[in-house]
Amino acid sequence: MTRVECSLRTMPPIDDSQIERILFVTAHPDDLDFGAAGTIAQWTDKGISVSYCVSTNGDQGGVDPSVSRSEMPRIRQQEQRDAGAVVGVSDIHFLNYVDGHLQPTIELRKDIVRVIRKVRPQRMVIQNPERNWERIFSSHPDHMAAGEAAMQAVYPDAGNPFAFEDLLKSEGLEPWTVQEVWVMSPNEVNHYVDITSTIDRKLAAIKSHVSQTAHSEELDGRIREWGTRNAEAQGLPAGSYAETFRVVATA
């Protein structure tokens, strides 16, 4: 193990009492609810302002062939607003990139930097930019692209006044340095949140994405199984549920 790997594993997150604003950056509507809705509910209950930045329009989602692809983005954006309401989030930014085509381009980086400078979060939560060979279904190319672009936006761009100078000169968006990044469902966990008290709100948020979940009779069991597995791996008592993260200092 290298010195860097050790520090990433053991670094404690910033105390929530020092956090006023948190920004999530994901690829699709519903990604952050599957990854962290239980944690989000606890943060908003503490009075922390949580914002979402969803990169794609989600038009490749859903299972009903009668729903047109042109209509799906509107449906999925409303579902994300409904899910946000369940856990206390109303500030949602949609970038509207084409679903399934997301890449960590300079254009995506700039769009994420714009949201970072508007929200000015102390903490960001992103998707895993690394492929997970043990759970390949979790390594959607859009997820990895969103995670990589978000990290690039945090460093070096968001805090650099000479990166995307028009954001400052034309839009008045001052540079902002994010203090830490949490990676959802990482390959290597160094932090967890016990969501036993908010697992029902997580499930309600996920079910708000009706076009994606209404057909799944096994949804509750699957989500609870994931949460149980996470809790057991962290040594929590039987009956507990957890969400896992990798916390990285960025300032």
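Read the figures in this text as sums done on the coordinates, not as results from a lab. The structure presented is a predicted model; accordingly, all values stated were derived computationally and were not measured. For neighbour counting, all protein chains shown are included, and Cβ atoms are generated from backbone atoms with ideal geometry for every residue, glycine included.
A few points about this structure:
- Lys pairs under 23 Å by Cα in region 3-249, provided they are eight or more residues apart or on distinct chains: 5
- Furthest towards positive pole of dipole, V86, M124, L219, structure part the chain, Cβ charges: M124
- Looking at the chain alone, DSSP beta bridges between its own residues are antiparallel in about 30 percent of cases.
- Across region 106-122, computed HN-Hα scalar couplings (Karplus, 6.51 cos²θ - 1.76 cosθ + 1.60, θ = phi - 60°) run 5, 5, 5, 4, 4, 5, 5, 4, 4, 5, 4, 5, 6, 7, 6, x, 7 Hz from first to last residue, x flagging Gly and Pro.
- For H93, the amide hydrogen comes within under 5 Å of the amide hydrogens of Y52, C53, V54, counting only partners 5 or more places away or on other chains and with H modelled in the peptide plane.
- Take every Cα pair under 8 Å whose residues are at least 6 apart in sequence, average their separation, divide by the length of the chain, and the relative contact order is 26 percent.
- Cβ-based charge dipole, region 90-210, positive-most Cα from A146, W176, Y192: Y192
- Region 128-251: C-alpha gyration tensor shape, a/c 1.5 cut-off, then a/b vs b/c: prolate
- Charge sum, other residues only, whose C-beta stays under 12 Å from A153's C-beta, Lys/Arg counted +1 and Asp/Glu -1: 0
- The longest stretch of the chain left intact once loop-based trypsin sites (Lys or Arg not before Pro) with at most 15 other Cβ atoms within 10 Å are removed from consideration, loops following DSSP, is 136-251.
- Computed from backbone phi with θ = phi - 60° and the Karplus coefficients 6.51, -1.76 and 1.60, the 3J(HN,Hα) list for region 64-72 is 8, x, 7, 8, 5, 5, 5, 8, 4 Hz; x is used for glycine and proline.
- Summed residue charge, Cβ within 13 Å of E134's Cβ, Lys/Arg positive, Asp/Glu negative: +1
- In the chain, helical runs assigned H by DSSP with n ≥ 4 each contribute -39500 (n - 2.57); averaged across all residues and rounded to the nearest 500, the mean residue ellipticity at 222 nm is -11500 deg cm²/dmol.
- Placing pseudo-labels 7 Å out from each Cα toward the beta carbon at R69 and F137 gives an inter-label distance of 2.4 nm.
- Estimated dipole of region 3-249 in Debye, rounded to 20 [Cβ of Lys and Arg +1, of Asp and Glu -1, Cα centre]: 340
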